[in-house]
Amino acid sequence: MKNSVIRIAMVVAGVVMAACSSPKNVAYIQNSDDFRPDESVYLCDAVIMPKDVLTITVNTVDPAASEPFNLTVAMPFNSKPNGESFSSSRALQTYLVDNDGMINFPIIGAIKVGGLTKTQCEQHIRDRILPYLNDKDNPLVTVRMSNYKISVLGEVARPGMFTVSNEKINIFEALAQAGDLTIYGMRENVKLIREDAQGKKNIYTINLNDANIISGPYYYLQQNDILYVEPNKVKARNSSVGQTTTLWLTSTSILISLVSLLYNILK
């Protein structure tokens with residue numbers, strides 16, 4: 001009987017140790033010694049896609065010459081008890097890229113910007129407005145994406161949607177915005193959901209443990225990308241039985257105490 005009690009205690013202890021052990025492969029970019037920096041030398045430049053919202057500013061030596069290209073819209077707000085509103089300021093008109101990659105720009109009319117980088121778009125618009133300006137005006141065109149957002153879901157500390165002000169973000173920066181992965185997140189099986197310019201959705205699997213991700217095609221995220229961090233087996237098992245880890249460990253501790261009591265009684 002004594003040996004049986006000892007065996008039961010050893011089994012219970014093994015289960016507890018297995019449940020409490022840290023998930024494997026927690027560290028990022030573990031094989032950093034194999035990483036080749038020369039393969040990661042490239043700069044990220046966001047590409048304009050359908051449903052992007054653009055802010056376009058044209059500046060010239062003579063401000064009056066660029067004024068027709070810089071449309072503004074009123075910014076109303078309620079200021080009276082009866083709810084009446086009036087315009088207190090004006091903001092630049094934004095341009096929604098349609099499904100064909102087109103926008104309707106002042107004076108020029110319809111112009112295709114989809115598939116262009118910001119720099120290419122700025123040059124393209126500049127070339128199109130030059131015939132309407134004098135040689136001395138020397139227009140400067142600035143294009144910004146107003147709705148550059150990414151989403152991070154799953155086993156992270158702060159899941160949510162995040163706005164990227166500089167239109168450039170890599171996968172580790174995105175995870176940092178979300179408070180990093182929890183201990184239950186599967187580093188080797190992160191899912192990236194990406195939609196291309198034709199509306200086709202693709203799902204890619206990313207291994208954060210592999211240093212070669214830095215030189216891979218998914219290191220830099222695109223606008224509207226979605227990262228999903230899957231839970232590991234420990235989290236999935238806890239969720240399936242409907243108990244938190246703390247409650248499970250408490251119950252196990254009670255069981256160990258009962259086994260110890262039986263051992264003391266029967267010895």
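Derivation of every value follows stated rules applied to the coordinates shown; laboratory data play no part. Just so we're clear, the structure is a prediction, and the values are computed from it rather than from any experiment. Cβ sites come from the backbone with ideal geometry, for glycine too, and all protein chains shown count toward neighbours.
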| query | Per residue, what volume in Å³ does the convex hull of the Cα atoms of the range 53-145 enclose? | reply | 110 Å³
| said: Between SER215 and LEU258, what is 0.36 nm times their sequence separation minus the Cα-Cα distance? Round to one decimal in nm. | reply: 10.0 nm
| field | Peptide ranges 172-181, 65-74, 222-231 listed from the most packed, as the mean C-beta count within 10 angstrom indicates | value | 222-231, 172-181, 65-74
| query | Sorted by packing (mean other beta-carbon atoms within 10 Å per residue), highest first, where do 100-108, 193-201 land? | reply | 100-108, 193-201
| request: Find the centroid of the Cα atoms in the range 48-64 and in the range 89-151, then give the distance between the two in whole Å. | output: 4 Å
| request: Report relative contact order for the range 53-145 in percent, whole number only (criteria: Cα-Cα under 8 Å, sequence separation at least 6). | output: 36 percent
| field | Computed FRET value (nearest 0.05) for VAL26 with LYS168, which takes r as the C-beta separation and R₀ as 30 Å | value | 0.60
